[in-house]
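This report refers to the structure that appears directly beneath it.
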Amino acid sequence: MDKTTRPLAVIAAFAASLAIGLVVTMWLVGGFRGATAPAAIGGPFRLTDQAGQVVTEKSLQGRPSLVFFGFTHCPDVCPTALFEMSEVLRAMGPDADKVNAYFISVDPERDTAAAMKDYLSSFDPHLKGLTGSPEEIAKVLSAYRVYAKKVPLKDGDYTMDHTALIYLMDRKGNFVRPFDLKRKPEEAAADLKRYL
């Protein structure tokens, strides 16, 4: 590839990634099925949090929930999202106790309960890190329509390419919409309080 076509290839790749992101978001929120059909996101799962406690879909009931899928070796997107979630929980004050906030691993091979506990020690204590066997993780990824794929690196290690949305679930455990963290924490907290 010569110097004149390289910028065009980069622009084309960026445009393609934007288009894919839009299609995935529309699919997640049910935009391709008409406005009256709710998106079928969520379902039965059984995972373990960083303290070794079992968490299932029933754990989402009774409180609104923020659910984010990622992995502890993530270099940028995951720590940024978890920091932003932590800021929203902080802005909620005592009401943060009335919200579930879950970080579900897409990398069960490395993300043990102990690894999740160590990783989440840098974020708000309300955040629970969930992991499980590869089969358990595959089931929850399918239920939430999460894309996750192992990507080999040159040094023999690997990273994970994955969906990076925050899922807002209502008090019944039903998907509401992607939750926007790209605003002031106080604004996001006020939005979340409407679901208490």
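Structural remarks
- Single unsatisfied condition, ALA115 versus (1) at pLDDT below 95; (2) closer than 16 Å to CYS74 by Cα: (1)
- Per-region count, region 66-78, residues closer than 13 Å to GLY129 by Cα and not aromatic (Phe, Trp, Tyr): 5
- Close contacts from region 121-138, counting a first residue that is more than 15 Å from GLY52 (Cα to Cα) and a second that is of a type in the set (Ser, Thr, Tyr), with Cβ to Cβ under 7 Å and a gap of 6+ residues or different chains, come to PHE123/SER86; ASP124/SER86; ILE137/SER105.
- Checking every residue in region 139-149 against the condition of being of a type in the set (Lys, Arg) and more than 13 Å from the chain's Cα centre (by Cα) gives at least one match.
- Here ALA96, ALA189, ALA115 are screened, and the one residue that is in contact with a Ser or Thr (Cβ under 6 Å, 6 or more places away or on another chain) and in a helix (DSSP H, G or I) is ALA115.
Residue-wise test of (1) assigned to a helix (DSSP H, G or I); (2) of a type in the set (Ser, Thr, Tyr).
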position	(1), (2)
TYR102	no, yes
TYR119	yes, yes
LYS128	no, no
LYS139	yes, no
LYS150	no, no
GLY156	no, no
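- Region 157-196, subset of a type in the set (Lys, Arg) and within 30 Å of ALA138 (Cα to Cα), residue surrounded by the most Cβ atoms within 10 Å (Cβ to Cβ): ARG177
- Evaluation of MET85 against the conditions (1) aliphatic (A, V, I, L, M); (2) buried (at least 17 other Cβ atoms within 10 Å of the Cβ); (3) out of contact with any strand residue (DSSP E or B) (no Cβ under 8 Å at 6 or more places or on another chain) shows that the sole unmet condition is (3).
- Single residue of region 26-54 satisfying the filter (among the aromatic types (Phe, Trp, Tyr) and part of a loop (DSSP other than H, G, I, E, B)) that is modelled with the highest pLDDT: PHE45
The values are calculated or read from the model by the stated rules, or taken from the named source; none is laboratory data. Note that this is a predicted model, so its numbers are computed, not measured. Methodologically, a virtual Cβ is constructed for each residue, glycine included, from the backbone with ideal geometry; neighbour enumeration extends over all protein chains shown.
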